[in-house]
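What follows is a short report on a single structure.
The values are calculated or read from the model by the stated rules, or taken from the named source; none is laboratory data. Quick caveat: nothing in here was measured; it's all calculated off a predicted structure. In this analysis, Cβ positions are derived from the backbone assuming ideal geometry, glycine residues included, and neighbour counts consider all displayed protein chains.
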Amino acid sequence: MGSKITDVLIVGGGVIGASIAYYLAKKGAAVTLLDRGRLGTEASSAAAGMLGAQSEMEDDGALFQWARRSRSMFPALSEELKDLTGVDIGLVREGLLNVALSDVQEAELRARALWQRAAGERAEWLDASAACELEPALSSRVRGALYLPDDGQVEAPKLAAAFAQAAITLGANVREFAPVSALLAEGGRITGVMTPEGPLYSSQVVVAAGTWSGQLLQGIGAELPMYPVKGECFSVLTPKPLLRKTLFTPGCYVVPKAGGRVLVGATVKPYSYDRKVSLAGLQLLMARAQELMPELAGAEWERAWSGLRPQSGDGLPYIGAVPQLAGLYTACGHYRNGILLSPLTGQMMANLIAEGAAVDDEEEEEEQLVWLFAGEGFAEETGGAAQSQSGWRAAEAGSAPEENGLSADEQAMLDAFAPDVREGSKRASLNKRVEKTGEPAL
């Protein structure tokens, strides 16, 4: 292997890759973050920023547990990132109304309220009168709404930018316009990545390249089903705020932003890399938004855009060590929960990688002892090793295990998202889901 340039290489500079870079940099790791374009300009920039830990969840499984734990990190994270970077991520904690427009939707939301309260979350069913009292701009067609006071929102582009800037402040290196064409491996472990400027070497590599992650991983024999889901959105401006809480209903969400800006999304078009915004998609969203809030008809047009959300075959993200190569990790397939799940994903991946790095150090020390007793230039070899040991891995060695290792609870969550879909894998046995072939429905 060539000379190592960094402790950890991260491929993908969206909100997930930037979060991992930030949490690794906090641990003192030498991190290099690579992106094929500018940081945070793909799915992260197109997201509405909803922190919907309860609004879309169908059961109290691993995704729900991960989501609500990640949501709880945002208040402290918001202050932490602002102190480090000066960037305000726009955290709003006004809650969310999951609106019912039919008998079927009402029954589903009432059932959801029951199991979420049983799980210890706040979830209150409001009849039409109570819902309209809370948000007077709601349509008279509303049958009621599930009020989720703890769901919230952030400004997604600002969150991604704050993670990246905080990582840089803590010493991370960023390389924009640095596309990765292949992963490099030797002797059953990752050795780096290939870029147009040549190879970059590291014994720890994280693939967090959104919907393009599957293509990179396929090159080393890791078959992780992944496809893009195109989502179209638009925003309008109102002379005065019409809404305080986010509205969510099947096929449409309405998110109030600062300054009277209202964001409406999103269409769902699986398997499409086409970034064009269609008139048909906008017409559908406009009709659904006005069905929720008739007053939006008089709003001023601002702009429209689209994003490609990375979806996995079973609807759950891939997070963890890739079994085909030692030292290779991935965090991808978050679909439309990337913003919400980014803090916990970054923290857990940093813990996992630090644990892997500690194992590598132990193996390296054993190899050096062999060289010592074999008389094969031990003095030369230990120079580089001592330099590595003096950095983040040495710092980790003196820390308490619960801070840097994975608890049983954390490992159980990671097992559900393990990037291993082979028959008999922990992921397959834990999730027991049928692979989706049509529209995703998390």
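Observations on the structure shown:
- All of (1) under 28 Å from the mean Cα position of the chain (by Cα); (2) part of a helix (DSSP H, G or I) hold for Glu133 with one exception: (1).
- On inspection, Pro250 does not qualify as within 30 Å of Leu352 (Cα to Cα) and either at pLDDT below 95 or not hydrophobic (A, V, I, L, M, F, W, C) (or both).
- Number of the exception - Val264 against (1) more than 30 Å from Ala62 (Cβ to Cβ); (2) surrounded by fewer than 15 Cβ atoms within 10 Å (Cβ to Cβ): (2)
- Among the residues of region 241-286, those that are at negative phi, of a type in the set (Gly, Ala, Ser), outside any strand (DSSP E or B) and touching a residue at least 24 places away in the same chain (Cβ under 8 Å) comprise Ala258, Ala266, Ser272, Ser278, Gly281.
- Single match in Ser78, Ser129, Ser140 (criterion: modelled with pLDDT under 95, more than 21 Å from Tyr335 (Cβ to Cβ), out of contact with any strand residue (DSSP E or B) (no Cβ under 8 Å at 6 or more places or on another chain) and polar (S, T, N, Q)): Ser140
- Hits in region 218-228 - residues which are farther than 13 Å from Ile319 by Cα and more than 15 Å from the chain's Cα centre (by Cα): Gln218, Gly219, Ile220, Gly221, Ala222, Glu223, Pro225, Tyr227
- Enumeration of residues in region 278-309 that are among the basic types (Lys, Arg) and within 11 Å of Val264 (Cβ to Cβ): Arg288
- Of all residues in region 56-109, those being surrounded by fewer than 21 Cβ atoms within 10 Å (Cβ to Cβ), in a loop (DSSP other than H, G, I, E, B) and of a type outside the set (D, E, K, R) number 10.
- Region 257-288, residues that are basic (Lys, Arg) and closer than 21 Å to Arg141 by Cβ: Arg288
- Residues in region 199-223 that are among the hydrophobic types (A, V, I, L, M, F, W, C), crowded, with 23+ Cβ neighbours inside 10 Å and in contact with a Cys (Cβ under 9 Å, 6 or more places away or on another chain): Val207, Ala208, Ala209, Leu217.
- Inside region 180-198, residues that are in a loop (DSSP other than H, G, I, E, B), surrounded by fewer than 20 Cβ atoms within 10 Å (Cβ to Cβ) and under 25 Å from the mean Cα position of the chain (by Cα) make up a count of 1.
For every residue, the table says whether it meets (1) crowded, with 18+ Cβ neighbours inside 10 Å; (2) among the acidic types (Asp, Glu); (3) more than 30 Å from Arg422 (Cβ to Cβ).
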{"residue": "Tyr273", "(1), (2), (3)": "no, no, no"}
{"residue": "Leu284", "(1), (2), (3)": "no, no, yes"}
{"residue": "Ala297", "(1), (2), (3)": "no, no, yes"}
{"residue": "Leu308", "(1), (2), (3)": "yes, no, no"}
{"residue": "Thr330", "(1), (2), (3)": "yes, no, no"}
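- Any hit, region 224-231, residues being touching a Lys or Arg at 6+ places or on another chain (Cβ under 7 Å), under 19 Å from Pro157 (Cβ atoms) and buried (at least 22 other Cβ atoms within 10 Å of the Cβ): yes
- Residue, modelled with the lowest pLDDT, within region 218-240, restricted to residues that are hydroxyl-bearing (Ser, Thr, Tyr) and assigned to a strand (DSSP E or B): Tyr227
- Boolean, Leu292 is over 22 Å from the mean Cα position of the chain (by Cα), more than 23 Å from Ile20 (Cα to Cα), surrounded by 22 or more Cβ atoms within 10 Å (Cβ to Cβ) and touching a residue at least 60 places away in the same chain (Cβ under 8 Å): yes
- Which numbered condition Ala258 misses (of (1) surrounded by 15 or more Cβ atoms within 10 Å (Cβ to Cβ); (2) of a type in the set (Gly, Ala, Ser); (3) closer than 24 Å to Gly95 by Cα): (1)
- Residue within region 144-154 that is part of a strand (DSSP E or B), of a type in the set (A, V, I, L, M) and within 27 Å of the chain's Cα centre (by Cα) present: yes
- Every condition in (1) more than 29 Å from Ala428 (Cα to Cα); (2) touching a Leu at 6+ places or on another chain (Cβ under 6 Å) holds for Ala46 except the one numbered (2).
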